[in-house]
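As structure tokens, the structure follows; a few thoughts come after it.
Laboratory data are not the source of any read-out in this text; all were calculated from the coordinates shown. Small disclaimer: the values here were computed from a predicted structure and weren't measured. Positions of Cβ are backbone-derived with ideal geometry, glycine not excepted, and every protein chain shown enters the neighbour counts.
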Ligand SMILES: [Zn+2]
């Protein structure tokens, strides 16, 4: 059953709870509706279908909600500060939706987003596109499997990036399965075409790149999964930094067991190491 809430400019959690309480599972909304953050969470947690005029609009709408959630998680976990970091997702092979420039990723709203073509030309949205969209587009053009890209500055990963070293691999199963091989890209000025090109030698066979003196960029099949990659990688870096303070040698996972983890990684469809 579909409830028509297209007369509302803002939809709150209580609007949705009321509709669900009456047995509605699909909500018709207006094209420019704003959802509160708690409403976005409610949509996600209750598998509510939000419908607009066409399927493309629905996909656009769902992606906005997913990016808002990911942005808030990045901000809550201190992976972005100020207006730092950016998130994008493919709408099609020719269109990418992205966060705007100069906007806190913990405060995104449904109307904040920009849509660009594969040359970075903005075609939709009132706010200017992310200054790092060229980096995202470089990944999309080189990695067809990438459907979402996140660039951010998680502090423990950045600590490694400041030293120009990569965290030692082979220590924690989750890192081996979800992150695998990580490359270190040389420093380039953020927002420039040179910066976007700096990651290209490292994108194949990976989903995570450490950016010298800057942060990370990673990609996945969904925005949610890309955000998970950030969490797994920064936690791994933090754990290694903690372990380095202990007066003991690190004990790696035995090589035959690493092979089992790589097999699991391949089963999940992640880039083979
Ligand atoms: Zn950055």
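What the table shows:
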| read-out | value |
| --- | --- |
| Full-extension gain in nm, residue 92 to residue 222, via 0.36 nm per residue minus C-alpha separation | 45.5 nm |
| Prolate/oblate/rounded label for segment 191-273 (Cα gyration tensor, a/c 1.5) | oblate |
| Cα-based helix-to-principal-axis angle, 255-267 vs the chain, degrees rounded to 10 | 20 |
| Of 24, 61, 113, the one that fluctuates the most in a GNM where the chain has Cα springs shorter than 10 Å | 24 |
| Ordering of 3-14, 252-263, 194-205 by packing [mean C-beta count within 10 Å, highest first] | 194-205, 3-14, 252-263 |
| Segment 86-239: Cα Rg divided by the 2.2 N^0.38 Å rule of thumb | 0.99 |
| Largest to smallest principal axis extent of the C-alpha atoms in segment 132-184, angstrom | 31, 25, 15 |
| Sequence of 127, 267 once ranked by neighbouring C-beta atoms within 10 Å, starting from the fewest | 267, 127 |
| Nearest-ten-degree value, helix 55-76 long axis tilted from longest Cα axis of the chain | 50 |
| Mean projected area (nm²) of the alpha-carbon convex hull when segment 225-273 is viewed from all directions | 4.2 |
| Using alpha-carbon coordinates, inclination of helix 223-244 to the longest axis of the chain, degrees | 30 |
| Percent of C-alpha pairs per 5 Å bin, segment 72-160, short to long | 3, 15, 27, 23, 18, 11, 3, 0 |
| Dimensionless Rg/Rh of the chain - Kirkwood Rh, Rg from C-alpha atoms | 1.01 |
| Separation between Cα centres of segment 1-37 and segment 117-135, rounded to whole Å | 29 |
| P(r) histogram, all alpha-carbon pairs of segment 21-177 included - 5 Å bins from 0, percent | 2, 8, 16, 18, 19, 15, 10, 6, 3, 1, 0, 0 |
| Debye equation applied to the C-alpha atoms of segment 37-111, log10 I(q)/I(0) at 0.12, 0.13, 0.17, 0.28 Å⁻¹ | -0.34, -0.39, -0.66, -1.32 |
